[in-house]
Amino acid sequence: MYYFIINPVSRSGKGLEIWKQAENTLKEKNLSYKPYFTKYSGHGTLLAKEIAPLAAGHILVVIGGDGTINEVINGLPLDHSIQLAYLPVGSGNDFARGLDLSLDSMKSLEDILLTPHSQSIDIGTLKLEKQSSRFAISSGIGYDAEICYEVSHTPVKKWLNRLHLGKLTYAYAAIRLLFHFQPADMDVEIDDTQRYHFKRVYFIAAMNLQYEGGGFRFCPEASYQDGSLDYLIVHDLGKLFILLMFPSAYFAKHTSFRGITILRGKKMRIHSQQAYRVHRDGEYAGLTDTITFDTKKQALDMIL
């Protein structure tokens, strides 16, 4: 039995289109399946919790964008009872990019149906004062989270998606917000032993995969199987250099910039002198001045 969680409105309705093609393939092969459709923000988490007891020992396929994947992993038990598969239908597709998954949905479906091969991948966690949640790609506090919030709320995203230029939404939001954003000093502690103080921090991103924001390779050495997160700290830079950093990060050439620090560890605690928005996999996760990132090593079986 194959279970599906589908976001039918992802990338301006592309999710529903891909599902219809997938369903034709399933019928042609006379395979048993059951689809579930998300209807509102957060519904994927509830569906994953509902499906989990039924899908134990089976394959759960997600059709949607990075936000849909995030919702699903926040609803699944991390007990290796379910194999998760993914057909990417988003504007960013950083989850697929980071796991080197094909963006050809029908080819990916054939691989899932014919030769499923799973590997265990790490899952990140973030903890605010009164809540905790998971992320598969990255989580961040500060400017990158402000950008993610803007991307998810601007009507420009839908317009660019229709033109197949969805990746430009992140760049649009970055430029629009930069000149209003005020950095703040932050104290950082890694694995309860290493302590740092960074001045004028624009953002800190905890990366489980290499990419964020539709292809920006913020942490080129990040691995989803090493039990650690890579942390990008962007600090003490002029705003012109921030603008230069983003295109260079697309090609992983930003790491030599002054004011770019990359650290690694299982856990990071952050205290900021100012409260900022937080994102997880590009989705808004709250407003805080204190946050903890952590890692669950090889927590989820993923068909790659």
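The values are calculated or read from the model by the stated rules, or taken from the named source; none is laboratory data. All of these numbers come straight from a predicted model, not from anything done at the bench. Every residue, glycine as well, gets a Cβ built from its backbone with ideal geometry; the counts of neighbours run over all protein chains shown.
Okay, residues lined up against (1) out of contact with any helix residue (DSSP H, G or I) (no Cβ under 9 Å at 6 or more places or on another chain); (2) more than 17 Å from K296 (Cα to Cα); (3) basic (K, R); (4) modelled with pLDDT under 95:
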position: D185; (1), (2), (3), (4): yes, yes, no, no
position: V188; (1), (2), (3), (4): yes, yes, no, no
position: Q194; (1), (2), (3), (4): yes, yes, no, no
position: H197; (1), (2), (3), (4): yes, yes, no, no
position: A206; (1), (2), (3), (4): yes, no, no, no
position: G214; (1), (2), (3), (4): no, yes, no, yes
position: Y224; (1), (2), (3), (4): no, no, no, no
position: D230; (1), (2), (3), (4): yes, no, no, no
position: V234; (1), (2), (3), (4): no, yes, no, no
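Being buried (at least 22 other Cβ atoms within 10 Å of the Cβ) and under 20 Å from F95 (Cβ atoms): is that true of I5 here? Yes; evaluated as a whole, the condition is true for this residue.
Residues to consider are A145, A136, A55; find the one that is farther than 30 Å from A275 by Cβ and of a type in the set (A, V, I, L, M).
A55
Of the residues L60, L78, L31, L84, the single one that is in a loop (DSSP other than H, G, I, E, B), under 15 Å from M302 (Cα atoms) and out of contact with any Gly (no Cβ under 8 Å at 6 or more places or on another chain) is L78. The single condition from (1) at pLDDT below 95; (2) hydrophobic (A, V, I, L, M, F, W, C); (3) assigned to a helix (DSSP H, G or I) that I51 fails is (1).
For the stretch 279-297, filtered to residues that are more than 15 Å from E129 (Cβ to Cβ) and modelled with pLDDT under 95, the residue that is surrounded by the fewest Cβ atoms within 10 Å (Cβ to Cβ) is Y284.
Within the stretch 5-48, the residues that satisfy the criterion of being more than 23 Å from R134 (Cα to Cα) and aromatic (F, W, Y) are W19, Y33. You will find that of F37, F4, the residue that is of a type in the set (A, V, I, L, M, F, W, C), farther than 18 Å from I112 by Cα and in contact with a Pro (Cβ under 8 Å, 6 or more places away or on another chain) is F37 and no other. Quick one: is T38 in contact with a helix residue (DSSP H, G or I) (Cβ under 8 Å, 6 or more places away or on another chain), among the hydroxyl-bearing types (S, T, Y) and without any contact (Cβ under 8 Å) to a residue 40 or more places away in the chain? Yes, satisfied. Scanning the stretch 78-116 for residues that are surrounded by fewer than 14 Cβ atoms within 10 Å (Cβ to Cβ) and under 27 Å from D294 (Cα atoms) returns D79, H80, D100. Within the stretch 105-130, the residues that satisfy the criterion of being in a loop (DSSP other than H, G, I, E, B) and either at pLDDT below 90 or in contact with a helix residue (DSSP H, G or I) (Cβ under 8 Å, 6 or more places away or on another chain) (or both) are T115, P116, H117, E129, K130.
Quick grid of which residues meet (1) buried (at least 17 other Cβ atoms within 10 Å of the Cβ); (2) part of a strand (DSSP E or B); (3) touching a strand residue (DSSP E or B) at 6+ places or on another chain (Cβ under 9 Å):
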residue	(1), (2), (3)
G227	no, no, yes
I233	yes, yes, yes
F246	yes, no, yes
R269	yes, yes, yes
R277	yes, yes, yes
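Can you say whether S91 is in contact with a helix residue (DSSP H, G or I) (Cβ under 9 Å, 6 or more places away or on another chain), hydroxyl-bearing (S, T, Y) and either modelled with pLDDT of 95 or more or farther than 30 Å from V201 by Cβ (or both), as far as the supplied structure shows? Taking the combined requirement at face value, the residue does not satisfy it.
Out of Y36, Y40, one residue alone is crowded, with 16+ Cβ neighbours inside 10 Å and not in a helix (DSSP H, G or I). It is Y36.
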